[in-house]
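Below is one structure, written out as structure tokens; the observations come after it.
Nothing in this text is a laboratory measurement; each read-out follows from the coordinates by a stated rule. What you are looking at is a predicted structure, and each value in this text was computed from that prediction instead of being measured.
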Amino acid sequence: MPDASLGVARLSWRGGAFEAGQRIIPTEVPIAITYGGSTQAVMMATPSDLEDFAVGFTVTEGLIQSTSDIRSLEVIEEDEGVELRMWLAPELADAYSRRRRLLAGPTGCGLCGIESLTEAVRTPPSLSVQVQYQPAEIIAAMASLGPAQALNQQTRATHAAGFWTRSGGLLAVREDVGRHNALDKLAGHVLRTGADASDGIIVLTSRVSVEMVQKAAMMGTPVIAAVSAPTALAVRTAEAAGITLIAVARGEEFELFTHPDRVAGAALTV
């Protein structure tokens with residue numbers, strides 16, 4: 001299997017002169033996700049935590065609700081890339097046929113290949129999880145993410161998605177050159193380990209676009225916190241999906257956009 005990073009030669013301009021050296025950079029390879037022999041998607045992704053990626057992509061696409069819905073999963077290395085070959089439970093064949101699409105997903109793409117405008121802006125089922133966090137807990141959750149980004153510390157070129165809980169702290173982090181891929185990998189890990197996705201906060205190193213909100217909703221996680229700003233459609237979708245959206249979370253500060261009742265003291269100021 002390809003490594004998640006590799007060293008390449010480079011010249012750096014420093015102090016008025018070039019200097020030879022090496023830089024560690026992340027890898028990205030084509031990852032084909034197939035069900036029953038049919039290709040659902042081909043994504044450019046970092047070749048790490050691929051079982052998590054397969055399961056997470058499948059759940060955020062709405063094709064499964066538990067790992068038992070996947071009858072088999074193989075990670076097959078090929079000359080051109082990697083195939084994540086899955087067979088779903090027979091009763092899910094119809095759902096797969098309705099949702100099937102062929103897409104080629106560049107690193108930054110989350111909705112490539114969607115065939116209708118309605119599908120692109122779909123609002124997932126609304127979450128009504130009753131939970132409340134202190135502002136200090138939001139800050140602690142975000143602060144825990146940076147030190148856990150091992151690949152980014154090497155490369156300074158990957159996104160991360162983490163799952164933080166009040167009782168356990170940062171339970172998992174997944175990294176990838178694509179922010180959507182990192183979140184799918186996290187979703188797969190949470191599902192495969194049996195963690196309660198509703199009992200925590202998704203923390204992100206990226207901006208919050210609509211598909212990130214959709215994926216969080218499919219996971220069943222009611223709170224998202226991100227270092228960068230959301231898009232307008234992400235805010236509207238989070239409001240409709242019952243998700244508390246926190247963004248521009250940096251240091252001791254953050255901004256709260258939707259469902260403020262899940263952050264102590266916020267609802268009193270609206």
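What to note about this one:
- Amide H contacts of TYR35 (H built 1.01 Å from N, under 5 Å, at least 5 apart or other chain): GLN40, MET86
- Fully extending the segment from GLN154 to ARG250 would add 32.4 nm, taking 0.36 nm per residue of separation and subtracting the current Cα-Cα distance.
- For the stretch 1-51, the relative contact order is 33 percent, taking Cα pairs closer than 8 Å that sit 6 or more residues apart in sequence and dividing their mean separation by the residue count.
- Subtracting the Cα-Cα distance of THR123 and ARG71 from their residue separation scaled by 0.36 nm leaves 15.9 nm.
- Note on ASP196 and VAL131: the extension gain reaches 22.1 nm, defined as 0.36 nm multiplied by sequence separation minus the Cα-Cα distance.
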